[in-house]
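Okay, structure first, notes after.
The values are calculated or read from the model by the stated rules, or taken from the named source; none is laboratory data. All values reported here derive from a predicted model rather than from experimental measurement. Note that each Cβ is placed from the backbone with ideal geometry, even for glycine, and that neighbours are counted across all protein chains shown. Just so you know, the surface numbers come from the protein's heavy atoms only, side chains and all, with ligands and any DNA or RNA stripped out. Shrake-Rupley method; radii C 1.70, N 1.55, O 1.52, S 1.80 Å.
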Amino acid sequence: MSTEGSGRRVRRIAVALDASPHSLGGLELAAGIAVALDAELEGVFVEDTDLLRTAGLPFLREFRTATLCESALDAERLQRELRAAARRVREHLEHSAAELGLAWSFRVWRGDLEAEILGAARGAELFALGRIGRFAPLRRSRSPAAKSRTDVLVVGVLFNRSAAAARALSIAGEVGIRHPVSLVVVLQPEAPSETAMLRTKALEQLGPMRDQARIVTLGGADAARLAALVKDFGIDMLILDDTNPILTQTPLWTSLERLGCPVVIGR
Amino acid sequence: MAVAPLKPDDLFRRCDPAQFAFETTAELEAGDALITQDRAMHAVRFGIGIRHAGYNLFALGPSGTGKYALIRNALEKRAKGEAVPPDWCYVFNFEDAHRPRAMRLPPGKGAELKRDMGQLVEDLHRAIRGVFESDEYRTRTQAVEEELEERQERTMGEIRELAKEKDVILLQTPTGFTLAPVRNGKPLGPNEFQALPEKERARIEEDINSLQTEMRKALHQMPLWKKHSDEQIEELNREMAAAAIQSLVEALCEKYGELPAVVDYLRQVERDVVDNFRQFLPEQDKRPPLLGMWMPPSGDGQPWNHRYRINVLLGHDKNGGAPVVYADLPAHHQLVGRIEHRAHLGALETDFTMIRAGALHQANGGYLIVDALKLLLQPFAWETLKRLLQAREIRIESLAQITSLISTLSLEPEPIPLDVKVVMLGERHIYYLLYQLDPEFSELFKVAVDFDEEVERGPENDLVYARFVASEVRRAGLRHFDRAAVARVIEQSARLADDNERLTSHMRSIGDLVREADYWAGTAGRETITAADVQRAVDAQIERADRISRRLREETTRGTILIETAGERVGQVNGLAVMTLGGFSFGHPTRITARVRLGEGEVIDIEREVKLGGPLHSKGVLILQGFIAGRYALDYPLSLSASLVFEQSYGGIEGDSASAAELFALLSALADRPIRQSLAVTGSVNQLGEIQAIGGVNEKIEGFYDTCAARGPLDGQGVLIPASNVKHLMLRADIREAVEQGRFGIYPIETVDEGIEILTGTQAGARGSDGCFPDRSVNQRVDDRLIGFSKRLTELQSREGKGESNEGAGE
């Protein structure tokens, strides 16, 4: 694969975590990429200060998803619970990293969950974000054998004419070299006339990996259409760069909720 | 009339080798080579032919008479032509795992079904995995899941939108979420909230309360939606599993269409597989994680699909006929089968595949042969056998269950119908004891097959014997017997029967003799066994066993045991006793003495007085008292006091075979006539003075002969035997030779008078028309002596009477 546009080597991969199974799924994917890229794995647990701030309002109720119980919001309790969740996530990260022989670090970031999360991993070249499942406990476990018959990971990558997008494609290619993956390159032309050029550029950059890649076109930066594409192609992980219009035009959480798969943001 | 001694030909009945048309047993066809007993075999045929409850057989007779071989042979002949019993299998009971079901199948089908079920399980793994990995299944389950998720997200989205309209957002907490008011996209803290106008605060609080109510409603709906979705998935799972198994089970149902029990079982399997389809999926899909930890499968436990196995308890060859089974160890669990256990994680566990068949299962539909003594020696085995025969079903229960020693939960296999003919083998006394003491015995064992110890001797049975010898030769790979050797075996057989007109049916003894003769022929370097080898085997058997008889003889010769074999003595006679030690019988002489004096008519048997005499011996002594009282001094009270004793006898004495000798000693003492000590006597006597047959005549004669021969050359010694025992004589060749040379004599006597004449050399004398015995005859002397005793007693009594009256007058 051509390394054109890949810029520099990925040394650190940050992963945003909370206690939900979905974010732990994101951790597993990030760990897999870290192994493939021989990078350090950094866990970032974000404590939402907005949540703590609202805790003083007496009429607010907390609805627990597992038990459906309700309780008043209590700042101290919330802090204790957040610390417990962070500790649990750290142990999980430590365990995963030890199994895979990865260098790892962990930190807790307190701030505005949505506004600050992208800045939380400033030192990382890649930032993995699992879908935080607000209703995760209500969701079923996997059906008996309803899983892929192969272990091939379907990796989607958003590609436009930006240099950052070329780097995202490069990262996806590197993952593909070390892991059996099926690449889905999602072209984001600014105009229909740009599609052919982007396709050519992508194929050129993919080099020998072009045979295991599929190329599709996404018109515009519509998160809903991207979500449908993710579903149609069975994409397990989506890689995009931090300048991608998807992130700028749609709130991050909304995008994640719609996509339904972990997202890896390249810087 | 004087009794003549027997001639040599009377002492032994030869078997003429010339009667055989063969030179050696190599020319004989052995065949079954069993010495049949017609009466017993009629009973066997009746017993196995009658098919009603309780008509089981008890073959009674001494061991070694070939009961087992004869009965087994008869049963196998009949069983060959009988229907092969069904196969029996135990299968899992899907309704109650502790009560495995018994399944009856045509012969040979058990193993086939087992193979088919094993294959079915393998096919099920493939088929079920296949359907659950199919695109169809994935698509359909995802559709259901997405429907749920969409429903949830739609509801939450609606609430989120509603909240947004009212400047409220959803926030995630570590364990759930909450609703919070926002201004400019930021949640409001308490200070900011308090800074708002009161009206605004009230509105926000009202909005949030309203949204929380909506949220509450939605949240409480979600478990119901999930439940409904789970049910849809489960229904889909069942549909997929059923689709996977249906064709496989249908194929088997078609194959076993004529066996409703199998089809029913297969339908149960089908339902069970659908209920438990997850067990056919890869390991990680079977077990839900426990507290987040994946539980590894236990390595040594039974695989789950164990339940679909077929435990072929009993399989038959469809061309094999009915079974004939010998229970060599008829313990309770060997009869009814057992349930094995295996240790797993420190506990004992079991299942239906560990049910094992017992002898009754194996014999079901056929015949079970069991040794009565072995059966009775096993705890509860006899009770169990009776109970099962009465119930007509085999219920597998352990002894612990029967005796309530343990009450842990165990298997209770479904009982199997029992249709078996039991043949018990045992000694006669066991049969009679069971008959007398166990009321159920006669209900369950109605056919007695009584085996005789002897068979008629004649050309026909001689040939049967020859065939038996030939069969033993072939079975044991021995040298062949020439016809003289066969004849010698037959002669020895008659000797073992103690009867020259009978042959023993104790085949084990004959078999031993045949094998030992082969050994001696080998040591002599002969290719074919001769009569000399048979005789050598007989002699060697005696030599190995006769230590005690030799010691007794030695002590007699050395004078420790006082036996005279020459001269004459009053009131002393040589009696003959037989001892049996370790299967070897031998005779030896015993001195019997009698002393008489005036008394009150009692004959004292010292053996009886010291309780060394058995009841039969005591009876014999009382009989001779009756004889004396009935023959002598008829008009006088019997005024005799006599004592009889077996000298140097220190053990118990039983039997009445010495009663004649005791009588001769008593008559000698009364008549004061000496008895020839060169003669010995055996025989019992009745009150009429007739001499009656006794047992062991050959051993007794040989015992006295050996005692005499040990002291030096024989000179007219001999033995008086009952004339009715002559047909039992099968004496040794050296005795026959001594008799021929006149050095030894055997006198068959029929009456006391014949015996006393030989012993005393004096005429016995018969009572004449005048009521008196001839002068100087033995009887006359006895009569006179007893009359003399009586008169003397009368005289003494009258003298005492006078003395008493004088004393009275004096007073």
The extension gain from B:R776 to B:N319, computed as 0.36 nm times the residue separation minus the Cα-Cα distance, is 155.9 nm
Label model pair B:R508, B:E192: point-to-point distance (7 angstrom along the Cα→beta-carbon line) in nm is 10.9 nm
Length gained, B:E235-B:A53, 0.36 nm per residue minus C-alpha separation, equals 60.1 nm
Computed over chain B, the distribution of all Cα-Cα distances in 20 Å bins, rounded to whole %, is 12, 25, 22, 16, 11, 7, 5, 2, 0
Any lysines whose Cα falls less than 25 Å from that of B:K791, other than same-chain ones fewer than 8 residues away, would be B:K802
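Show me the three semi-axes of the equivalent ellipsoid for segment A:171-252, from the C-alpha gyration tensor (sqrt of 5 times each eigenvalue), largest first, rounded to whole Å.
Values: eigenvalues 86, 51, 28 Å².
Largest first, segment A:171-252 gives 21, 16, 12 Å.
Classify segment B:449-559 as rounded, prolate or oblate from the Cα gyration tensor: take a ≥ b ≥ c as the square roots of its eigenvalues, call it rounded if a/c is under 1.5, otherwise prolate when a/b beats b/c and oblate if not.
Values: a/c = 2.28, a/b = 1.30, b/c = 1.76.
It comes out oblate by the Cα gyration axes.
May I ask you to list the trypsin sites (Lys or Arg not before Pro) in segment B:338-414 that are in a DSSP loop and have at most 15 other Cβ atoms within 10 Å of their Cβ? If you can, show how the numbers build up before the last one.
Working: sites: B:R338, B:R342, B:R356, B:K374, B:K386, B:R387, B:R392, B:R395; in loops: B:R392, B:R395.
Sites meeting the loop and neighbour criteria: B:R392.
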In degrees rounded to 10, the 0-90 angle between helix B:198-255 Cα long axis and the longest Cα principal axis of chain B is 40 degrees
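Once you mark the chymotrypsin sites (Phe, Trp or Tyr not before Pro) that are in a DSSP loop and have at most 11 other Cβ atoms within 10 Å, what is the longest gap between them in chain B? Before the final figure, lay out each step's value.
Working: sites that count: B:W294, B:Y650.
With a cap of 11 other Cβ atoms within 10 Å, the longest stretch comes to B:295-649.
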Taking a crude spin-label model, label points 7 Å out from Cα along the C-beta direction, the B:L622 to B:H98 distance in nm is 6.5 nm
accessible surface per residue for chain B, probe 1.4 Å, DNA/RNA/ligands not counted, whole Å² -> 47 Å²
In degrees, nearest 10, the alpha-carbon axis of helix B:428-437 is tilted away from the dominant principal axis of the alpha carbons of chain B by 70 degrees
Computed curve, the protein assembly as shown, Cα-only Debye sum without solvent term, log₁₀ I(q)/I(0) at 0.06, 0.08, 0.09 Å⁻¹, is -0.72, -0.98, -1.11
Computed over all unlike Cα pairs, the Kirkwood hydrodynamic radius of segment B:187-250 in Å stands at 16.1 Å
Beyond 26 Å (Cα-Cα) in this structure, taken from B:K446/B:K727; B:K611/B:K727; B:K77/B:K446; B:K67/B:K446; B:K80/B:K421; B:K80/B:K374, we find B:K446/B:K727; B:K611/B:K727; B:K80/B:K374
Each residue of B:164-174 has, on average, a number of other protein chain C-beta atoms within 10 Å of its C-beta equal to 6
Here the whole-number average of other chain Cβ atoms within 10 Å per Cβ of B:135-145 is 3
Dividing the mean separation of Cα pairs under 8 Å (6+ apart) by the residue count of chain B yields a relative contact order in percent of 16 percent
For the protein assembly as shown, the accessible surface attributable to carbon and sulfur atoms (probe 1.4 angstrom, ligands and nucleic acids excluded) amounts in percent to 50 percent
For segment B:611-649 the trypsin sites (Lys or Arg not before Pro) that pass both the DSSP coil test and the at-most-13 other-Cβ-within-10 Å test are B:K611
Output for segment B:537-579: trypsin sites (Lys or Arg not before Pro) sitting in coil per DSSP, at most 15 other Cβ within 10 Å, listed by number, reads B:R558
Over segment B:1-118, the quotient of the Cα radius of gyration and 2.2 N^0.38 Å is 1.99
Computed, not fitted: 222 nm per-residue ellipticity of the protein assembly as shown from DSSP H runs ≥ 4 (each -39500 (n - 2.57)), nearest 500, equal to -14500 deg cm²/dmol
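Under 1.5 on a/c is rounded, so check that first for segment B:412-463, then, if it is not, pick prolate when a/b is larger than b/c and oblate when it is not; a ≥ b ≥ c are the square roots of the alpha carbon gyration tensor eigenvalues. Don't skip to the answer; put the middle values down first.
Values: a/c = 4.14, a/b = 1.93, b/c = 2.15.
It is oblate, given that a/c is not under 1.5 and a/b is not larger than b/c.
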For chain B, the longest principal axis of the Cα atoms and the Cα long axis of helix B:381-391 enclose an angle in degrees, to the nearest 10, of 70 degrees
Placing +1 on each Lys and Arg Cβ and -1 on each Asp and Glu Cβ in the protein assembly as shown, then taking the dipole about the Cα centre, the residue among B:V168, B:A79, A:S71 whose Cα reaches farthest towards the positive end is B:V168
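To the nearest 100 Å², how much accessible surface do chains A and B cover up together, summed over both, with a 1.4 Å probe? Can you show the working numbers first?
Working: alone 13440 and 40540 Å², together 49740 Å².
When A and B are taken together, about 4200 Å² of accessible area is lost.
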Each label sits 7 Å from Cα toward the beta-carbon; between B:W304 and B:T580 the label points are separated, in nm, by 7.0 nm
Quick shape check on segment B:575-685: root eigenvalues a ≥ b ≥ c of the Cα gyration tensor, a/c under 1.5 is rounded, otherwise prolate if a/b tops b/c, else oblate, and it reads prolate
If amide H atoms are modeled at 1.01 Å from N in the peptide plane, then the residues at a separation of 5 or more from B:I746, or on another chain, having amide H under 5 Å from its own are B:L6, B:V719
